[in-house]
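Quick notes on the structure that follows.
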Amino acid sequence: MAFSKSFFPLLVMLLLACSVQGQLLPNFYNSTCPRLQRIVRSATKQAINKDPRMGAAVLRIFFHDCFVTVREATATISFSFCFLLHLHHGFFSLISCSLLHGPRWQALLGRRDSRTAAGQFDAGANLPPADMEVPALIGLFASKGLDAKDMVALSGSHTIGETRCGVYRSRIYNDNNVDPNFAAIRKNNCPPVGGDNIWTPLDLQTPTRFDNKYYRNLLGGRGILHSDQALYSGGPVDSLVKLYSANNSEH
Ligand code: HEM
């Protein structure tokens, strides 16, 4: 393939630009890729039209990316910056929130890709399991520079996406703070034995809508994960769940 002579200087300039440590900015790509937002929006829209779950998958990837790579992220930007700006105010808001009828933020762009991949050990050590209780959740989020309010607000992401029977079986068969009608419905899709990989929406009523049904469900004992319901179980963050359940724009 023949490259034009003007292509190489451009490529070198782009590579140099990429290697410079910089600030995240809403207009980071304005001069290097002015059509970026339209291109990404259109590709994401297509992906979500094809499979509505793509929005949830992207959101979860950002959560895992930030939690697992926090030690690397702190080298250049603080974790809260990485997480709350990159996730809360970043890619997801830029491309997906409007598609999911959710809230919008100004996107700050320009975060560099990691040059290494995290191993399974890092993932296991940094990601919260579905049976985690509130004190441990608060501790884990605190270790990433996020407080209890951040933790409860970000957990509202479980208003979209799916989970597997093997992950929530114990919640619907064994927990005593579960709404019996909700458990009965969920058992239809999750037998007491087997079927571990049957997927089901985290929020049955509005599975692709970014709303506050997640919190309203918790008030009625209808959290699908044990860790979800733990946020409203007579503990220190009950009041936050109540706040977010009452106001769709708060979280
Ligand atoms: C508070 C602690 C959290 C715990 C214990 C937790 C746990 C889980 C679990 C167990 C699943 C289902 C995985 C499976 O069944 O294979 C899940 C799904 C998901 N989580 Fe979380 N999570 C937490 C916080 C978050 C946060 C902070 C976000 C984003 C900001 C998030 C976004 C998602 C999304 C979008 C899905 C659905 C993914 C899909 O459908 O592919 N979670 N989470």
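Please treat every number below as a calculation from the coordinates, not as lab data. A quick note: this is a predicted structure, and the numbers were derived from the prediction, not measured. Positions of Cβ are generated from backbone atoms using ideal geometry, with glycine treated the same way; all protein chains shown enter the neighbour counts.
Overview of values
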| quantity | calculated |
| --- | --- |
| Size of charge dipole - segment 209-251 - debye, nearest 20, with Cβ of Lys, Arg +1 and Asp, Glu -1, no other charges | 160 debye |
| Amide H contacts under 5 Å for residue 163, placed H, 5+ residues apart | 200, 202 |
| Where labels lie 7 Å past Cα in the beta-carbon direction, separation of residue 63 and residue 123 in nm | 1.5 nm |
| Estimated vicinal HN-Hα couplings, Hz - segment 39-49 in sequence order (Karplus 6.51, -1.76, 1.60; Gly, Pro = x) | 5, 5, 4, 5, 5, 5, 4, 4, 5, 6, 4 |
| Per-residue ³J(HN,Hα) for segment 117-124, Karplus 6.51 cos²θ - 1.76 cosθ + 1.60, θ = phi - 60°, Hz, x for Gly and Pro | 9, 6, x, 4, 4, 4, 5, x |
| Pairs of alpha carbons in segment 159-239 whose separation is greater than 22 Å (percent) | 18 percent |
| Mean Cβ neighbour count within 10 Å, used as a protection proxy, ranking 211-218, 139-146, 159-166, 46-53 highest first | 211-218, 159-166, 139-146, 46-53 |
| Nitroxide proxy distance, nm - points 7 Å out along Cα→Cβ at residue 50 and residue 247 | 4.0 nm |
